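Asks: What follows is a single structure, and I will ask about it in a moment.
The numbers here are math on the coordinates, done by the rules we state, and not lab data. Just so we're clear, the structure is a prediction, and the values are computed from it rather than from any experiment.
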Amino acid sequence: MIGEFLQDALFAAIAAIGFAAISNPPRNAYWCCALIAAAGHSARFLLMHDALLGMHIVGASTIAAFIIGVLAVALSPVVRMPAETCLFPSLLPMIPGIYAYKTFGGLVMCLSYGGQGEFDHYFFLFASNGLTCLFILLGMVVGGTIPIFLLKNISFRATR
């Protein structure tokens with residue numbers, strides 16, 4: 001489990017650096033994005049692991065996004081940039097791409113088959129994966145932005 005945990009943190013950090021490079025922040029923001037993404041993605045991994053809490057991905061993603069938001073606000077004065085500079089690239093590795101893919105796959109299969117039983121099965125897959133994807137994204141938005149609003153003094157002090 002420790003190996004999986006470290007691997008999850010490493011790949012989240014690499015992905016965050018890649019996403020940060022797209023938005024072209026100053027170079028001293030890269031380490032911050034990598035650190036925050038590794039901590040947040042690893043927190044989600046630990047929350048979802050069956051041996052520990054076995055939480056659903058929606059709740060775990062919301063809590064992990066909150067952790068990412070708190071870390072982004074806390075580190076924003078250190079790198080002297082707005083918290084959003086580190087927040088958004090750190091959240092992007094948690095985007096539920098597989099659920100979005102399965103949602104559209106279910107929709108295509110739903111439209112391809114004519115029988116009632118097959119349609120019901122694929123519509124269930126479409127709805128289940130679509131709702132899971134939607135609520136993960138909503139949880140990430142809410143969890144990531146709440147710390148910015150709760151810790152306004154720290155968040156806005158970073159750019160003064």
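Asks: For the chain, what's the relative contact order in percent, using C-alpha pairs closer than 8 Å and at least 6 residues apart?
Replies: Over the chain, the number comes to 28 percent.
Asks: Taking only complete DSSP H runs, can you tell me which helices of the chain stretch 30 Å or more along their own long axis by Cα positions and average at least 0.5 on the Kyte-Doolittle scale?
Replies: Qualifying helices, which must be both long enough and hydrophobic enough, are 2-23, 57-79, 116-150.
Asks: Once the Cα gyration tensor of the stretch 1-105 is diagonalised, what are the square roots of 5 times its eigenvalues, in whole Å and ordered largest first, as equivalent ellipsoid semi-axes?
Replies: 24, 16, 12
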